[in-house]
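Everything on this sheet refers to the single structure shown next.
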Amino acid sequence: MELTDSVARFSALANESRLAVFRFLIRCGHDGCAAGEISRQLGIGATTLSAQLSILTQANLITRRREGRSLIYLARMEAVSEMVLYLMEDCCEGRPEICEPILTAFSKETC
């Protein structure tokens, strides 16, 4: 992942509402979720949510598909993977034992 991409993605997540939306969409998995349901579940107004979804889309963190009259939003799981790998790329100065607790926690607490 290029530096400009990482800055855009992490900047997009540096907002409580956007981070909440992104984490919610990660929990929704490959089924995604309609904008109206995201709004109801997170208590975010439609106009605000639309702006937040636009920023997350521009940062290439989420995507959407149309189902009938609804737009279904999905987290780009490959973006999550790319971000984690970017952060871990130069981890631990060549001493993997330092990173072991992070990797263990990551594998136990996710998916």
Residue within segment 38-55 that is in contact with a Phe, Trp or Tyr (Cβ under 7 Å, 6 or more places away or on another chain) and assigned to a strand (DSSP E or B) present | no
Would you pick out the residues in segment 62-102 that are over 21 Å from L49 (Cα atoms), of a type in the set (D, E) and loosely packed, with under 11 Cβ neighbours inside 10 Å?
-> E78, E89, D90, E93, E97
Considering only segment 21-43, how many residues are within 24 Å of M88 (Cβ to Cβ) and surrounded by 14 or more Cβ atoms within 10 Å (Cβ to Cβ)?
-> 3
Out of all the residues in segment 77-90, is one or more assigned to a helix (DSSP H, G or I) and at pLDDT 95 or above?
-> no
Go through segment 1-17 and give me each residue that's assigned to a helix (DSSP H, G or I) and under 9 Å from the mean Cα position of the chain (by Cα).
-> R9
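The values are calculated or read from the model by the stated rules, or taken from the named source; none is laboratory data. This one's a predicted model, so the numbers in the text were calculated from it and none came from an experiment. For neighbour counting, all protein chains shown are included, and Cβ atoms are generated from backbone atoms with ideal geometry for every residue, glycine included.
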